[in-house]
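Comments concern the structure below.
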Amino acid sequence: MFTQTLPQLQRDYIDTGKVRFVYKQFPLTSIHKNAQGAAEASLCALEQGKFWEMHDKLFEMNAAGTLSIENFKSAAGGLGLNQSQFDGCLDSGKYQSKVQDDTTQGTQYGVQGTPATFVNGTLVSGAVPYEQFASVIDAELAK
């Protein structure tokens with residue numbers, strides 16, 4: 001649901017400058033053993049301008065039960081990323097502390113699962129329909 005809602009939010013609110021969108025990592029390591037690595041892989045892909053493409057591949061892998069470092073690297077190649085740059089980034093653990101910091105911050109703000117979205121400090125938890133997001137955003141914009 002969120003991947004369907006985000007493009008609408010981007011078109012109506014983010015691209016128009018009405019809201020600022022900030023993405024934070026919150027890997028659910030208690031239920032996905034390779035979630036930390038997946039989060040790091042997405043940030044390594046971001047370096048080459050392919051965050052959302054990698055994000056989508058990672059969710060496909062998760063659904064198929066195939067999250068692994070080897071598959072992250074294979075996906076990077078399939079997305080046309082510079083393989084040695086991506087592999088070096090992922091192998092170095094460059095983004096390990098950033099992902100951990102994002103997770104700590106999310107926990108401090110009451111995040112327990114994903115997706116979790118904040119609109120001026122108001123937590124919108126779960127994959128909610130566009131109309132619900134729009135209602136919360138419009139109420140905040142009206143203040």
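The values are calculated or read from the model by the stated rules, or taken from the named source; none is laboratory data. Bear in mind the structure is a predicted one, so any value in this text is a computation, not a measurement. FYI the Cβ positions are ideal-geometry reconstructions off the backbone, even for glycines, and counts take in every protein chain you see.
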Worksheet item: Quick check: anything in the range 100-115 in a helix (DSSP H, G or I), in contact with a Phe, Trp or Tyr (Cβ under 7 Å, 6 or more places away or on another chain) and of a type in the set (D, E, K, R)?
Response: yes
Item to complete: State which residue pairs qualify: first residue more than 15 Å from residue 50 (Cβ to Cβ) and inside the range 66-89, second residue among the charged types (D, E, K, R) and surrounded by fewer than 14 Cβ atoms within 10 Å (Cβ to Cβ) in any location, beta carbons under 8 Å apart, and separation of 6 or more residues or different chains.
Response: 67/33
Practice prompt. Scan the range 67-92 residue by residue and report those that are in a loop (DSSP other than H, G, I, E, B) and over 18 Å from the mean Cα position of the chain (by Cα).
Written response: 80, 81, 82
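Going residue by residue through the range 37-44, is there one that turns out to be at pLDDT 95 or above, surrounded by fewer than 19 Cβ atoms within 10 Å (Cβ to Cβ) and not assigned by TED's automatic domain parsing to the domain that holds residue 141?
We begin by selecting, within the range 37-44, every residue at pLDDT 95 or above; these are 37-44.
Imposing the further condition that a residue be surrounded by fewer than 19 Cβ atoms within 10 Å (Cβ to Cβ) reduces the set to none.
Looking for residues that are at pLDDT 95 or above, surrounded by fewer than 19 Cβ atoms within 10 Å (Cβ to Cβ) and not assigned by TED's automatic domain parsing to the domain that holds residue 141, one finds none in the range 37-44, hence no.
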Worksheet entry | Scan of the range 67-99 for residues that are among the hydroxyl-bearing types (Ser, Thr, Tyr) and either loosely packed, with under 15 Cβ neighbours inside 10 Å or farther than 25 Å from residue 115 by Cβ (or both), ordered by number | 68, 74, 84, 92, 97
Discussion item. Restricting to the range 11-50, name every residue that is part of a helix (DSSP H, G or I), under 22 Å from residue 111 (Cα atoms), of a type outside the set (Gly, Ala, Ser) and without any contact (Cβ under 8 Å) to a residue 24 or more places away in the chain.
Written reply: none
Worksheet item: For the range 1-10, how many residues meet the condition of being without any contact (Cβ under 8 Å) to a residue 60 or more places away in the chain and under 26 Å from residue 100 (Cα atoms)?
Response: 2
